[in-house]
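Below you'll find the structure, written out as structure tokens, and then a few comments.
What follows is calculated from the coordinates using simple rules that are stated; it is not laboratory data. All of these numbers come straight from a predicted model, not from anything done at the bench. Neighbour counts run over all protein chains shown; Cβ positions are idealised from the backbone, glycine included.
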Amino acid sequence: SAVISQKPSRDICQRGTSLTIQCQVDSQVTMMFWYRQQPGQSLTLIATANQGSEATYESGFVIDKFPISRPNLTFSTLTVSNMSPEDSSIYLCSVQLRGSNYNEQFFGPGTRLTVL
Amino acid sequence: RKEVEQDPGPFNVPEGATVAFNCTYSNSASQSFFWYRQDCRKEPKLLMSVYSSGNEDGRFTAQLNRASQYISLLIRDSKLSDSATYLCVVYLISNFGNEKLTFGTGTRLTIIP
């Protein structure tokens, strides 16, 4: 597996502001993913972030709202822009290790976001 | 129809009992299958991949039935530490080349002393 860290671990933000979440991995990975887990629900994929290319967004998620950076093989950021209370959620990054079989993914500890 | 469906539970099971979860998926082109475990307020952790021939890891056994499009997880001799939410997860490469894990809503298990 990999050691994955996220910053911040939690935050409380005012509506209309933006928050950037960082994800750091202890090894080089090609594929990184950003998920959202709303209270009491399962995980929903926001986008796939591959180094050297634009992020690929899932239906219902757009770049203007969730811009993503992937400057190198160990780091990515997700920004939640112009936040509203509906954005209150846990945001998780995950990685798929190079050479891993069966497309296994490993998750960071998550960022718990509350928007007032 | 949801892409991945699970019985949300809760399953309340006495310690030492055997418990089984099932999960169905809608896309027959799905390629890989997993069970993840998520403890309260924690991230999901990979419990086991599910292989076509079925596989076992200690007290845990996973089965895949492609014809019926379901996956199962069996936990034998359950321990208090098995209390968690178990997520059924399916991997697919879409027609657009996007690789994607799709998560079920999870089955909540509580082991009772």
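By the Stokes-Einstein formula, at 0.692 mPa s and 37 °C, segment B:40-87 with its Kirkwood radius over alpha-carbon pairs has D equal to 273 µm²/s. Projected label points at B:LYS42 and A:THR30, each 7 Å from Cα along the beta carbon direction, are separated by 3.1 nanometres.
Each label was represented as a point 7 Å from its Cα along the Cα-to-Cβ direction; for B:ASN55 and B:ILE93 these points are 1.9 nm apart.
Straight-distance candidates among the aspartates and glutamates for linking to B:LYS2, with alpha-carbon spacing under 19 Å and chain neighbours fewer than 8 residues away dropped: A:GLU58, B:GLU99. Across chain B, Cα pairs under 8 Å and at least six residues apart give a relative contact order of 36 percent.
Charged neighbours of A:TYR35, selected by a Cβ distance under 12 Å, balance to 0 (K, R count +1; D, E count -1).
Globularity index of the protein assembly as shown is 1.02 (Cα radius of gyration / 2.2 N^0.38 Å, N = number of residues). Neighbouring Cβ atoms from other chains, within 10 Å of the Cβ of residues in A:31-42, number 3 on average. For segment B:26-113, list log₁₀ I(q)/I(0) at each q in 0.13, 0.18, 0.23 Å⁻¹, using the Debye formula over Cα point scatterers of equal strength and ignoring solvent, two decimals each. Taken in order of the listed q values, log10 I(q)/I(0) reads -0.45, -0.81, -1.20. The share of alpha-carbon pairs in segment A:7-116 lying farther apart than 25 Å comes to 16%. The lysines within cross-link reach of A:LYS7, meaning a Cα-to-Cα straight distance under 22 Å and a gap of 8 or more places when in the same chain, are A:LYS65, B:LYS42, B:LYS45. Counts of other chain beta carbons within 10 angstrom of each beta carbon in peptide A:55-67 average 1.
Summary value for chain A: 36 percent relative contact order, contacts being C-alpha pairs under 8 angstrom separated by 6+ residues. Round to a whole angstrom and tell me the spacing of the C-alpha centers of segment B:3-33 and segment B:57-72. Answer, in whole Å: 9. Anisotropy class assigned to segment B:1-75 is prolate, per the alpha carbon gyration tensor with a/c at or over the 1.5 cut-off and a/b larger than b/c.
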